[in-house]
Amino acid sequence: MHTSPVLAIWFLLCLLVGGSGAARAAPGAEATDWEVVAADLLRQPGFKALPIRIAASTGHAPAEMEVGGGRCVLHLRTRGNPVADVLLRQAAADDRLVWMQAILVHEIAHCWRWQGQDAALQQFAALIGTAGRDSRRLDEVHQRMRDEETFADVAALAWVAQAAPEQFEAMLGAFGRLRGNFTLSAGAHDTRAALDRVRREGFAPGQAPFDAARALLADTGR
């Protein structure tokens, strides 16, 4: 998909510090087929209507969603990427598959959140384009990106709560470790306040995961 820079925004799971010595693969680390896991997820009823295609690309962040022009591209950079191994090690070996799924649902949540919002997306992209010349706009961009990453983390956990409830606490802990690691997550990606709220309050029953996440974040009176 070719999109105008004004109409496309990229959402990363991790904000990575370039050249960090922490991003090294463990000896003997096994390659995992993220593309297969992503394709299986996108065939699920809750996701298959979303206009997402999967693309392999280059770069540091293992997973990233490009949103623009009414479509979404899930960029995966996991093959031979030591950062992907570091990311996987935030969860225990027995929880790795659900952890991979939760990471991918985080990215899918970005696509879901912007469906039917092309005008708002264009305004947001324009704001990002001018923020470097205006500190107030830069502060607004940072806050909106934090809101975006917070929603995506909470949405991924809401999905886990329904799809794999027996592993919910493990996934909450894995997100906490990820967001507390400032080599992997920083700035807008520090969602620990929202993770604490999920731990305290949980999700209302009877809602689809993304709706449950939105309801939790909107309900400040709980």
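So that you can scan it fast, the table gives a plain yes or no per residue for (1) in a strand (DSSP E or B); (2) at pLDDT 95 or above; (3) buried (at least 16 other Cβ atoms within 10 Å of the Cβ):
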{"site": "G28", "(1), (2), (3)": "no, no, no"}
{"site": "A31", "(1), (2), (3)": "no, no, no"}
{"site": "R79", "(1), (2), (3)": "no, no, no"}
{"site": "D85", "(1), (2), (3)": "no, no, yes"}
{"site": "Q90", "(1), (2), (3)": "no, no, yes"}
{"site": "W99", "(1), (2), (3)": "no, yes, yes"}
{"site": "L104", "(1), (2), (3)": "no, yes, yes"}
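Quick one: Q143 ticks every box in (1) open to solvent by 60 Å² or more (accessible area, probe 1.4 Å); (2) touching a Ser or Thr at 6+ places or on another chain (Cβ under 9 Å) except a single one, so which number is it?
Checking Q143 against (1) open to solvent by 60 Å² or more (accessible area, probe 1.4 Å); (2) touching a Ser or Thr at 6+ places or on another chain (Cβ under 9 Å), the one that fails is (2).
Scan G202, G173 and give me the residue that is at pLDDT 85 or above and at positive phi.
When all the criteria are applied, what remains is G202.
Need pairs with beta-carbon distance below 7 Å; first residue in contact (Cβ under 8 Å) with a residue 24 or more places away in the chain and within segment 108-130, second of a type in the set (K, R); sequence gap 6+ or separate chains.
What qualifies is F124/R144.
Is there a residue in segment 116-136 that is closer than 30 Å to V36 by Cβ and in contact with a Leu (Cβ under 6 Å, 6 or more places away or on another chain)?
no
Regarding segment 51-62, can at least one residue be identified that is in a strand (DSSP E or B), buried (at least 20 other Cβ atoms within 10 Å of the Cβ), free of Cβ contacts under 8 Å to residues at least 40 places away in the same chain and of a type in the set (A, V, I, L, M, F, W, C)?
no
The values are calculated or read from the model by the stated rules, or taken from the named source; none is laboratory data. Being a predicted model, the structure only gives us computed values, none of them experimental. In this analysis, Cβ positions are derived from the backbone assuming ideal geometry, glycine residues included, and neighbour counts consider all displayed protein chains. Accessible surface is based on the protein model in full, side chains and every heavy atom, while ligands, DNA and RNA are left aside. Shrake-Rupley method; radii C 1.70, N 1.55, O 1.52, S 1.80 Å.
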